[in-house]
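As structure tokens, the structure follows; a few thoughts come after it.
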Amino acid sequence: MGDEPATCWRWIMSARNPPPPGPQPQRHEHVPRKANPLRRGSDRFEARICRILLLILVLGLPAASLGTGLAAYQSAMQTVRTQSAERYEVDAEVVSAGETVPATKTQQAQVRWLDEAGTARTDDTRVKAHTPEGATVRVWVTQDGAVTVPPMTENQAVTTSWFTGTAAAAGFAAVIYVTRKGMRHELDRKRYAQWDAEWERVEPLWAARFRR
């Protein structure tokens, strides 16, 4: 890539000497890109890398998305099976209710229920507003006798897998984008340095031609 700026400057300098009058040589309508003298080696290198990155994006994006999404789905379904086996729903009696809250919110309450062995259990949970003491509510509990949230459902597992797969695809695309931008920035930095060095050599000759 060392002689590209010199080639460009020779083209610029030649513009000061117009072609002689008379019929001009036939010009080709299409010049192959590789034969373009203004196309630098860094340009060809950048084009090749961009094609490679595009290929990686086309092939890798679906693989990353599907692979990550499938792994997340399998993990979530394992959670569904585990939680479904460890948690069960029971009828519980409201023993005491907390302070009254607006109807659109839930309130804290203490509930009591009988576990699978017939032992009375008590714990705190959230119930609908204005639920009176002595009312019966449905709660999810663990084998250890603690109130918990409902187990994850299969629909939630599917949603989690879709979200994870989409996030993986976005992350993969972001890596490709940042890689391309970083490569372009580094190449431009070298190109500008070459142009500056070439201008320091050519500028005295260029200025001298105008002083004639």
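Observations on the structure shown:
- Fraction of accessible area attributable to carbon and sulfur, the range 40-89 (%, probe 1.4 Å): 66 percent
- Sequence of MET152, MET183 when ordered by accessible area, the most exposed leading, probe 1.4 angstrom: MET152, MET183
- Bridgeable aspartates and glutamates around LYS181 (alpha carbons under 15 Å apart, same-chain partners fewer than 8 residues away excluded): ASP43, GLU46.
- In the context of the full protein assembly, TYR177 retains an accessible surface of approximately 140 Å², using a probe radius of 1.4 Å and ignoring ligands and nucleic acids.
- Cα-only radius of gyration and Dmax that characterise the range 45-92, units Å: 20.9, 71
- Sorted largest first, extent of the range 119-204 alpha carbons per principal axis (Å): 99, 26, 24
- Summarising the overall dimensions of the range 114-162 from its C-alpha atoms, the Rg and Dmax are 14.5, 43 angstrom.
- Solvent exposure of the range 79-212 amounts to 68 Å² per residue of accessible area, where only protein heavy atoms count and the probe is 1.4 Å.
- Whole-percent carbon and sulfur share, accessible surface of the range 121-212, 1.4 Å: 58 percent
The values are calculated or read from the model by the stated rules, or taken from the named source; none is laboratory data. Since the model is a prediction, treat every value here as computed from it, not as a measurement. We work out accessible area using only protein heavy atoms, side chains counted, and drop any ligands, DNA or RNA first. Shrake-Rupley method; radii C 1.70, N 1.55, O 1.52, S 1.80 Å.
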